[in-house]
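The values are calculated or read from the model by the stated rules, or taken from the named source; none is laboratory data. Here the structure is a predicted model, which means the values were calculated and not measured. Glycine also receives a Cβ, built like all others from the backbone with ideal geometry; neighbour counts cover every protein chain displayed. We work out accessible area using only protein heavy atoms, side chains counted, and drop any ligands, DNA or RNA first. Shrake-Rupley method; radii C 1.70, N 1.55, O 1.52, S 1.80 Å.
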Amino acid sequence: IGYLLGNITQEQGKYDDAVLVYRRITRDYSESIIAADAQYKTALCYEKKGEFDQACEEYVRLAYKYPDNALVADSMIRIGLYYFNKKIYQTALGVFGRFIEKFPDHGSVQKVAFKMGLSYILAERFAEGGEHFKGFVEKFPESELKPAALYWAGDSFLKANDALRSYQMFKRCIWDYPESKW
């Protein structure tokens, strides 16, 4: 019943009240099947309030207390995106890399890997960005993101002063995806 109350309170935008309910669940029923979900929703409430540092702490607490829970993957994605959006690309790279390593079969792994490549570029680590996107194309040959990955690989290699590899990536993009905007 407490969990439902927390959900209703959260949906009403009463995030502080929802956090109190969720914390009570994680404290009093830490072994319950809903405890991990309550921990995750605590973090979401802090996100909604704009308290992203506190939200990250709550996501980390979820991973520490419930390391085998499926919500750990979603938490890692949210933490990585938080650092990406704050333009702290080195930290985003670390989080995205650990996510890919720990959850190689997750449904969002392609999107996370792509975002990781963008993190390399935005961190001005162009040679690594080119290598990453080249690897992305090889690892996910059927991805809808492949034309964009080819483009970004070419762009990264160009910025890394590797004209030959840049040309190869751009040529593949043009040759394989002539109708694409990329």
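Observations, loosely collected:
- Note on D16 and L122: the extension gain reaches 34.6 nm, defined as 0.36 nm multiplied by sequence separation minus the Cα-Cα distance.
- Cβ charges +1 (Lys, Arg) and -1 (Asp, Glu), total dipole of the chain, debye: 320
- Cα-Cα separations in segment 39-92 greater than 12 Å, expressed as whole percent: 61
- Shape class for segment 96-176: oblate, because the ratio a/c of the largest to smallest gyration tensor axis (alpha-carbon atoms, square roots of eigenvalues) is 1.5 or more and b/c is at least a/b.
- Histogram of C-alpha separations across the chain, 5 Å bin width, %: 1, 9, 15, 15, 15, 11, 11, 7, 7, 5, 3, 1, 0
- Residue-averaged 222 nm ellipticity for the chain, from DSSP H runs of 4+ at -39500 (n - 2.57), nearest 500: -24000 deg cm²/dmol
- Across the chain, the mean sequence separation of Cα contacts (distance under 8 Å, 6 or more residues apart), normalised by length, yields a relative contact order of 10 percent.
- Stretch gain in nm, segment W182-I88, where the contour uses 0.36 nm per residue and the Cα spacing is subtracted: 31.2 nm
- Principal axis dimensions, segment 1-64 - Cα atoms, whole angstrom, descending: 28, 28, 12
- Inter-site label distance for E138 and D105 at 7 Å from Cα along Cβ, in nm: 2.4
- Heavy atoms of the protein chains alone define the surface here; on that basis the chain has 57 Å² accessible area per residue at 1.4 Å probe size.
- Cα gyration tensor shape for segment 64-117, rounded if a/c is under 1.5, else prolate or oblate: oblate
- The slack in the chain from K49 to N7, taken as 0.36 nm per residue of separation less the alpha-carbon distance, amounts to 13.6 nm.
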